[in-house]
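Right, one structure below, let's go through it.
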Amino acid sequence: MDNLFNLKIEKLPRTKIKELQLKQLKKTVKLVYDNVPFYKKKFQELKIKPDDIKTLEDVQKLPVTTKDDLRDNAPFNMMATSLDNCIELHASSGTTGIPVTVCYTPNDIEVWSEVMARCLSMSGLTKKDVFQNPIPYGTFTGAFGFHYGAHKIGALVIPSGMGQSERQIKLMDYYGTTFISGVASYAMRLSQVALDMKIDPKKLKVRNGLFGAETFSPGLKKRIMDIWEMDVHDIYGLTEMCGPGVSTDCDQHNGLHLWEDHFLVECLDPVTLEPVGPEEEGEIVITTLTKEGMPLLRYRTRDIAKLYDEKICECGRTHIKHTPVKGRSDDMVIIHGTNIYPGQIESVLMKNKDVGNNWRMVLKTVDDVDMLTVEVESKNQLSQVESMDLEEILKTDIKSVIVFTPRVTVLPPKSIPQEGLKAKRVIDERKKV
Ligand code: DLL
C-alpha cells in the first residue's frame with residue numbers, strides 16, 4: 001500500500017520539486033534579509049545580496065546558522081515576523097543551556113500538520129485508527145506535532161501524554177489502541193511495563209508505531225517490532241524546523257523521505273562545510289522553504305546521516321531519502337583516538353538476545369587513562385557466572401565495531417535509571433585537561 005496523504009506533492013516530478021524549491025528559496029532569503037538583523041549582518045559580511053541567489057546551487061553562498069546563533073539571539077531575535085502574528089510557541093528541552101524557542105504563525109502550524117499527516121499516513125495511520133500519543137504535551141514539539149497530523153488524517157486521538165506507564169497500557173487495552181507514537185526508547189519501556197502487568201504487548205491491538213526523537217538503531221527497531229508484533233517506522237525532526245515531521249521511512253524501510261517542498265537539505269562535511277560526495281556520510285544541514293515565524297538558512301543540525309541518490313523510490317514518492325540518523329556529532333565520543341557513536345554500540349547490543357532494554361556508556365579517567373565502560377541490563381536475572389560470560393561475548397562484539405576492547409558490566413534488569421524524555425546514553429565523567 002502506498003499510504004499517500006498528498007498524492008500530487010508526494011509524487012511531484014523532481015524537476016517540479018526543484019522549481020518549487022528555487023522559488024521558495026528566493027522568497028525565504030528575501031524574507032530573512034529584510035526582517036532578521038542577524039541575517040542582514042551575515043549577508044553584509046559575506047558581501048552578498050538576496051538577488052545573488054539565482055540557482056539552487058547558490059544556497060552554498062548563504063551563511064550557515066548554528067544552535068549558538070539561536071541561543072545568542074534567544075528568545076525572539078531570530079524571528080522574521082512580529083509575535084502578534086504567531087499563535088504557538090515551542091522550545092527544545094535545552095539540557096545544554098538556553099532552550100531554543102520557536103514561534104509559529106497559523107501557516108507554520110498548517111505546514112507542520114501537513115508534513116506530519118504525510119509521515120503518519122506513510123506509516124499506516126488511517127481515519128479508522130485509534131491513535132494513542134504517549135508524549136508530554138508541553139513546549140516539547142513531539143506531542144502537538146503528532147496530534148495535529150493525526151487530526152488531519154481523521155484518526156481518533158487519545159492525547160494520553162507522557163508518563164504513568166501503567167495507565168498508558170490500561171488505556172491501550174481499554175480503548176483498543178491500534179497505533180502509537182513517541183520516543184523510541186519509551187516504546188521499549190512500555191513493553192516492559194506491560195509484561196510486568198502480565199499483559200503480553202502482542203495481545204493488545206497495537207499494530208503500528210511511529211517513533212523518533214533519538215538515535216534509533218535497526219536493532220532497537222526490530223526489538224520493538226517483535227515484542228509488540230507491530231510495524232515500526234522512524235520519524236525525524238527537530239524543534240528548529242517545526243518539530244517531528246521532517247522525514248519518515250516508507251514501507252520499503254530503506255531510508256527516510258524528507259519533504260523537499262518545505263525543506264532544502266544539504267549533506268556537508270562538518271569540518272570544511274563543503275558538500276560530501278554522493279551517499280557519503282556528513283552533517284544534515286537544512287534551509288526552511290516555507291516558514292514564516294522563524295525561517296532558518298542552512299541550519300546545522302549536527303545530525304550525521306547519508307543522503308541517497310535522487311532516484312524514485314519503489315513506493316512512488318519522489319522526495320529524497322536519507323539514512324537513519326547515526327548520531328549527533330556532539331554525542332560522538334573520542335576515546336583512545338577512536339570516534340564512537342552510541343548508535344554503533346547499540347546496534348551490537350540489540351543483536352544479543354540476552355541483552356535487556358537499557359544500556360549506557362560511562363567514560364571515566366582512571367590513573368590518567370580514559371576508560372570506557374558499557375553498562376548493559378540483562379534481559380532476565382542472571383547468575384554471576386552467566387553475567388561474566390555475557391560480558392566476555394559483548395566485549396568481543398563491541399570491539400569489532402569500535403576497534404578497542406571496552407569494559408562491559410552486565411547489570412540486572414531495570415537497574416539503569418530512566419529519567420527524562422530521551423534516553424541518556426553517554427555519561428562522561430572524564431577528567432578535562
Ligand atoms: O526530538 C522532535 C521529534 C519528536 C522528532 C518526536 C521525532 C519524534 P528536538 O527535541 O528539538 O526535537 O530534538 C531534535 O533529536 O536534531 C536529532 O539529534 C534527534 N532526533 C530526532 N528524531 C530522530 C530520529 C525532537 N528519528 C534532535 N533519529 C535532532 C535520530 C533523532 N535522532
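The values are calculated or read from the model by the stated rules, or taken from the named source; none is laboratory data. Fair warning: this is a prediction, and the values are worked out from it, not measured in the lab. Because the Cβ atoms are built from the backbone with ideal geometry, glycine has one as well, and the counts that use them run over all protein chains shown. We work out accessible area using only protein heavy atoms, side chains counted, and drop any ligands, DNA or RNA first. Shrake-Rupley method; radii C 1.70, N 1.55, O 1.52, S 1.80 Å.
Consider a paramagnetic label point 7 Å from the Cα of Glu314 along Cα→Cβ; state which residues of the stretch 262-292 have an amide N under 19 Å from it.
none
If each DSSP helix of 4+ residues adds -39,500 (n - 2.57) and the sum is divided by the residues in the chain, what number results at 222 nm, nearest 500 deg cm²/dmol?
-9500 deg cm²/dmol
Can you list the aspartates and glutamates whose alpha carbon is less than 13 Å from that of Lys432, not counting same-chain residues fewer than 8 positions off?
Partners within reach: Asp368, Asp370.
Lysine pairs, Cα distance under 20 Å, 8 or more residues apart or cross-chain: how many in the stretch 330-404?
Eligible lysine pairs with Cα atoms under 20 Å apart amount to 9.
So which of Lys8/Lys127; Lys18/Lys422; Lys23/Lys291; Lys170/Lys326 end up more than 25 Å apart, counting from Cα to Cα?
Going by Cα-Cα distance, Lys18/Lys422; Lys170/Lys326 fall outside the 25 Å limit.
List the residues whose amide H sits under 5 Å from the amide H of Cys313, counting only those 5 or more places along or on another chain, with H placed 1.01 Å from N in the peptide plane.
Result for Cys313 returns nothing.
Carbon and sulfur atoms: what percent of the 1.4 Å accessible area of the stretch 271-392 do they account for?
47
Compute the length gained on full extension between Met225 and Thr396: take 0.36 nm times their separation in residues and subtract their Cα-Cα distance, giving the result in nm to one decimal.
Gain on extension, Met225 to Thr396, equals 58.9 nm.
Expressed in nm to one decimal, what extension gain is obtained for the pair Arg430 and Asp173 from 0.36 nm per residue of sequence separation less their Cα-Cα distance?
Using 0.36 nm per residue and subtracting the Cα-Cα distance, I get 88.0 nm.
What stretch of the chain, leaving out the sites themselves, is the longest with no GluC sites (Glu not before Pro) in a DSSP loop having at most 14 other Cβ atoms within 10 Å?
It works out to 1-228.
For the stretch 116-195, which whole percent of the accessible surface, found with a 1.4 angstrom probe, sits on carbon and sulfur atoms?
56
Could you report the stretch 193-350's accessible area per residue, 1.4 Å probe, as an integer in Å²?
Using a 1.4 Å probe on heavy atoms only, each residue of the stretch 193-350 averages 35 Å².
Starting from the Cα of Lys47, draw a straight line to each of the aspartates and glutamates and keep only those under 16 Å, dropping any in the same chain fewer than 8 residues away.
By straight Cα distance, Lys47 reaches Asp34, Asp58.
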